[in-house]
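The structure appears right after this line, and notes come after that.
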Amino acid sequence: MGDQQGPWPRLATSIALRRGARLSSILSDIHICPNPLAASLCTLPNSLSTRARLLLPDFFFDISPSMELLRPLLPPENAYLRSLKVDCTRLDDSFLDFLTRPSLQELCLRNCADFSGKLLSELGRSCKDLRFLYLSSVAEKRGRSIDVSHLEELLSGCSQLETLILMFDVSIFLRHNFARVWALASSKLISLEIGYVSSVMVTELLSPAVGPHQSANNLQPSILPNIQKLCLSVDYITDTMISTISKYLISLTHLDLRDSPIMEPRMAFDLTNSGLQQINAHGKLKHLSLVRSQEIAPTFFKRVNDLGILLMADKCLAMESICLGGFCQVTDTGYKTILHSCSKLYKLRVFHGTHLTDLVFHDITATSLSLTHVSLRWCNLLTNSAIARLASNKDLSTLDLRDCRNLGDEALRAINTLPKLKTLLMDGCDISDVGLSYLSKGLMNSLISLSVRGCKRLTDRCISSLFDGGSNRELRELDLSNLPNLSDAGVLLLVKSRIPISELRMRQCPLIGDTSVMALASMQVDENLWHGSSLRLLDLYNCGGITQLSFKWLKKPYFPRMRWLGVTGCVNRDIVDALARSRPYLHVATRGEELGTDQWDDLDDMYLQDYEEVDEFEQWLLGGENMILHWLVEFSVV
């Protein structure tokens, strides 16, 4: 959306927002960046810095900025602002005027817990041209109110909306009013996603009302007739809801439903073979996801078996993506039916496939499938033989085999024949250092993300096995969490490899300590491209050897690109709090929560810190810590 203004405004904005500086100061010192585009900005007259702040069409905040930072960067005079994405953790209703701009067409506001329902009302009144809207966690903070009238103002005011994502609990709205206000929604709305809603509310919302002089056989069309993509998290996935969705959303191409029952549902509140038979009544569905989550209780779709899958597959021959989770009564017969019936399928995901065995993939070469994404999580009957068969799909780019306990080194040998694989997840599998060495010897040279969390047999040697002979140079995300035999020596091997890792997870590793932090802080990847460590995410939660000493190397100027850090808060609460204050744009997690980043833009390499500060790491090394210095020199770190 900002391309018509040229590339430089987006670049300058990204740098400014990351450093917490005004654009005027950025444009004056941007010569420190080696990128030619950024360097060219140095020639701009100073008068253009103010003009740049007024004309920038796109703002992307991958931090949680304060009001003080945002006010000068979002001046009211900017009538060109089209796209705004902000983490609102530190914002509230007092900032509504700065976020609700009439010129906006795309708005993404995350973590809006401190906002009330006024946010929705103000968006409806001010942002008439919105095409895309994402809101999460609205009014979740105690004392913040929201009701259906706020939703009504949003839907009636934003008449151009095409995509609406409400990632919060909308079941708080009264049922009868909830269905009524959606009649005001934009006729252009084609994509709807809701964080949580009851199945009864969904059924009432989509079912056309019968008027006083209207027969049940002559109903008005659904109030959301043009919806093509529907993603909902509900209390129960039921036959009634499936039937209603399939009957009245005549343009539906993408259906994603997830539930998390607190107990086994009764027949009337469950999905059965009959409900599956109703799916894709209009023949346009391309993507289907039905998942019963195990987050709250170990519940399954116990009323669906192979017959239900057969009936569904008969109507889904043109399906391109299928995800089934929690279907404990479906056997190889049902899954093979999908593979042999859906000839256009490229993405297959199965969770908790308790009866899924190697036989499903025995004759996969006889199909015309060209799978690119496969996830078989918690499918404990699968063995290495299944993966060898699956590897005949040479276009595979994503393979998720987490918690398949019977997969071992031979599975990795087969996986290494996949030349296009970019993401490999092997958490909890029975693999060893020898198995990982296979990933450095075959055709695969495109791996970007690897997770071996909880693979207990792995040791420090897995690092050298992985990067032997300069292999896997493209790897950027590595999860080594919960490896009891991984120590600082393994991290030193990783540092020696000079791989520009951006996300490194090592939580629950008892042998990881201060030496690892110091080595990573000093890591130089490519002196021509990077200043300091390339890490954007580092998870050290509950690592046994982390002490207060590590926090000296977690502050500036080390880890200049760090956005997410996981540590154990009980190490020293005061030190953790001081670190968070000194690096306000660093997300410091101390309670064991999983860390993650949003890839809102690809300008990470342009984020720079000031490097005039004293190098405490070097001073400390020269001050007498001979053993650590010996290790770092031995591994060519310094």
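Can you give me the solvent accessible area of residue 153 with a 1.4 Å probe, rounded to the nearest 10 Å²?
60
How charged is the neighbourhood of residue 437? Take every other residue with its Cβ under 14 Å from the Cβ of residue 437, and add Lys/Arg as +1 and Asp/Glu as -1.
With Lys, Arg at +1 and Asp, Glu at -1, the neighbours total -1.
Expressed as a whole number of Å, what is the distance separating the alpha-carbon centroids of the stretch 99-138 and the stretch 501-519?
39
Which net charge results when you count Lys and Arg as +1 and Asp and Glu as -1 among the other residues whose beta-carbon is under 12 Å from that of residue 393?
+3
Just to make sure I understand: if all protein chains stay in place, what is the order of 464, 187, 136 by accessible area at 1.4 Å, largest first?
The residues order as 187, 464, 136, largest area first.
Relative contact order (percent) for the stretch 378-527, with alpha-carbon contacts under 8 angstrom and 6 or more residues of separation?
With pairs under 8 Å counted, the relative contact order is 17 percent.
What number comes out for the charge environment of residue 117, summing +1 per Lys or Arg and -1 per Asp or Glu over other residues with Cβ under 11 Å away?
So the environment of residue 117 carries a net charge of -3.
The values are calculated or read from the model by the stated rules, or taken from the named source; none is laboratory data. Not measured: the values here are computed from a predicted model. Cβ sites come from the backbone with ideal geometry, for glycine too, and all protein chains shown count toward neighbours. Remember, those area values only see protein heavy atoms, side chains included, never the ligands or the DNA or RNA. Shrake-Rupley method; radii C 1.70, N 1.55, O 1.52, S 1.80 Å.
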